[in-house]
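Working notes, beginning with the structure itself.
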Amino acid sequence: MQFPSKLIEDGVNEIAKLPGIGKKTALRLVLHLLREEEQSTISLADALVKLRTQTCYCEQCHNISDGRLCSICEGTHRDRSVICVIESTPDLMAIENTGQYNGLYHVLGGVISPIEGVGPAELKIESLIQRVTNPDSEVKEIILALSSTMEGDTTAFYITKKLKTFDVQVSTIARGVPVGSELEYTDEITLGRSILSRTKYKEGSE
């Protein structure tokens, strides 16, 4: 692909690094930015810089946050007796959009995957255990809302083993979520029903 200037080429190459964007789409976006008011592009660049340099993670649940604690952990109307364990922030957003859950969350940051070199130590599992064992903890139930994949099931099994000696119920979302699917791409109605129809987690169950 030939470019009229090195600046456009550099812009296209950077934007094309984003997932799902090829060089043709990147070129259209670059040319669009050039047609817009200069301040619009400056505002976009400023927002991206702030996104990368100022975004932090909640000290309690590890959700993306603007401060020490996220708005959910700080919320006074949330049910603090229930923690929903998920892989990532997009999963949290998907569950929140169902409007069927009012408890707290715990973002693991992924799932156990030996093939990809991800073990329990790379995930936020120990901090989950600490939340349950904290003397001030109100937690009575842990909901495992992990993807219906081999890695998700392995992670659920590991967490259940870690929680076995504690006085807390461990449940899992109903299998209305298709096996092998990613939670964040499940439609809101199915996901909401899966939360409401959660069942007690059974080791070795499919």
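The values are calculated or read from the model by the stated rules, or taken from the named source; none is laboratory data. Just so you know, these numbers come straight off a predicted model, no measurement behind them. Virtual Cβ from ideal backbone geometry, glycine too; neighbours counted across all protein chains shown.
Things to note:
- Of all residues in the stretch 3-36, those that are out of contact with any Asp or Glu (no Cβ under 9 Å at 6 or more places or on another chain) and assigned to a loop (DSSP other than H, G, I, E, B) total 10.
- Just one of (1) more than 29 Å from residue 75 (Cβ to Cβ); (2) at pLDDT below 90; (3) touching a strand residue (DSSP E or B) at 6+ places or on another chain (Cβ under 9 Å) fails for residue 179. It is (3).
- Members of the stretch 139-149 that are within 17 Å of residue 171 (Cβ to Cβ) and either free of Cβ contacts under 8 Å to residues at least 60 places away in the same chain or not hydroxyl-bearing (Ser, Thr, Tyr) (or both): 139, 140, 141, 142, 143, 144, 145, 146, 148
- Selection count, the stretch 49-63, where residues are among the hydrophobic types (A, V, I, L, M, F, W, C), at pLDDT below 95 and part of a helix (DSSP H, G or I): 1
- Test: residue in the stretch 79-88 that is in the same structural domain as residue 140 (by TED's automatic domain parsing), β-branched (Val, Ile, Thr) and more than 17 Å from the chain's Cα centre (by Cα): yes
- Unmet criterion (only one of (1) outside the structural domain of residue 149 (by TED's automatic domain parsing); (2) surrounded by fewer than 16 Cβ atoms within 10 Å (Cβ to Cβ); (3) under 22 Å from residue 170 (Cα atoms)) for residue 119: (1)
- Identity of the residue in the stretch 66-103, among the basic types (Lys, Arg) and farther than 21 Å from residue 56 by Cα, that ends up surrounded by the most Cβ atoms within 10 Å (Cβ to Cβ): 78
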